[in-house]
Amino acid sequence: MRRRLIFALDVPTTNEALELVDLLKDEVGLFKVGKQLFVHGGPDVVKRIRKRKADIFLDLKFHDIPRTVAKAAVEATKLGVAMLDVHATGSVEMMRQTATEVSKAAKAYGLKRPKLLAITVLTSLSKADLAEVGVRSSVDNQVARLAKLARQCGMDGVVASPLEVATIREACGPRFLIVTPGVRPRSADIEDQKRVMTPEEAIRAGSKYLVVGSPIRNAPDPVQAARDIVAEMRRGARPPRKA
Ligand code: C5P
């Protein structure tokens, strides 16, 4: 279950990121490098995390013309990341080319092919936000539509709010990966996350990987906080107790 916990390295400097990697490398499965850290530290930060034998989810949410995204994804593959993501709204062709080129590059360089994830609807968007940019469907329908497309294009899974997991499972079947942020341990403050679930609930709902940042980073003892979350995830994997 530890391998299914992704810790978000949402810190501004390479040193802070590496300190957290050293502290948490035996407690979590992957480290998520997002836009802030990558723009600050570039590929160097990714290489230095890889040197520590830690796995990386490169969360740069690529969205551009197909060739540009495919090439960026190939470079990420060469950096040795285990997971990367693109926007499903970038088009079928963008996702297909990315999947094809990444598979080819992984083979050519003798690397493990990273898991490819698609972003459906950002967790920060509401139905009103979608309507404003001309999307008339509900968030749930749009998520299901894009998740199905992503699957058809060779993506391994999607990033989605825990509240959308059931819809995606139904649309894409049991083997499709669902990575969910918006997870809060039972003890945590809800803070800025409105649509949240506990780790136990998210695993029970069908999430494969959970992304957790601040509840671990801001805990008085981050190692213990990560262990507690893994314990909550294990409870979610057990059959529910009968009342
Ligand atoms: O809130 P927390 O620090 O746990 O967030 C960890 C990661 O989850 C962030 O890096 C962000 O990419 C993602 N997130 C999200 N949707 C939200 C909040 C956070 O996708 N509503």
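The values are calculated or read from the model by the stated rules, or taken from the named source; none is laboratory data. No experiment lies behind these values; they were computed from the predicted model shown. In this analysis, Cβ positions are derived from the backbone assuming ideal geometry, glycine residues included, and neighbour counts consider all displayed protein chains. All accessible areas refer to the heavy atoms of the entire protein, side chains included, with ligands and DNA or RNA removed. Shrake-Rupley method; radii C 1.70, N 1.55, O 1.52, S 1.80 Å.
Taking 8 Å as the Cα distance limit and 6 or more residues as the minimum spacing, I'd like the relative contact order of the stretch 84-204 as a percentage.
23 percent
Mind checking which aspartates and glutamates have their Cα closer than 14 Å to the Cα of residue 51? Skip sequence neighbours fewer than 8 apart in that chain.
Residue 51 reaches 19, 22.
Roughly what would the spin-label model give for residue 175 and residue 44, points 7 Å off Cα along C-beta, in nm?
About 4.2 nm, to one decimal.
Roughly speaking, to the nearest percent, how much of the stretch 73-195's 1.4 Å accessible area is carbon and sulfur?
The value for the stretch 73-195 is 50 percent carbon and sulfur by accessible area.
Holding the Cα-Cα limit at 31 Å, pick out from 25/148; 53/148; 32/107; 47/104; 47/148 the pairs that are longer than that.
Pairs exceeding 31 Å: 25/148; 53/148; 47/148.
Modelled label-to-label distance, residue 238 and residue 51, 7 Å Cα→beta-carbon offset: nm?
In this crude label model, residue 238 to residue 51 measures out at 4.3 nm.
Let me spell out the model: positive unit charges on the Cβ of Lys and Arg, negative unit charges on the Cβ of Asp and Glu, origin at the Cα centre of the chain. What dipole size does that give, in debye rounded to 20?
Its charge dipole is roughly 1100 debye.
Per residue, how much accessible area does the stretch 2-236 have with a 1.4 Å probe, in Å²?
Spelled out: the 1.4 Å probe surface of the stretch 2-236, per residue, equals 48 Å².
Just to check I understand the Karplus step: with θ = phi - 60° and J = 6.51 cos²θ - 1.76 cosθ + 1.60, what whole-Hz values come out for the stretch 84-100, glycine and proline as x?
With the stated coefficients, the stretch 84-100 comes to 8, 9, 9, 7, 4, 5, x, 3, 4, 4, 4, 5, 4, 4, 4, 4, 5 Hz.
Using only the Cα atoms, work out Rg/Rh for the chain, with Rh taken as the Kirkwood radius, to two decimals.
When Rh is taken as the Kirkwood radius, the ratio is 0.95.
Which value in deg cm²/dmol, rounded to the nearest 500, describes the helix-derived mean residue ellipticity at 222 nm for the chain, given -39,500 (n - 2.57) per DSSP H run of n ≥ 4 and division by the residue count?
The per-residue figure over the chain is -14000 deg cm²/dmol.
Sorted by average packing, counted as other Cβ atoms within 10 angstrom per residue and highest first, what order do 53-63, 169-179, 206-216 take?
In descending order of packing, they fall as 206-216, 53-63, 169-179.
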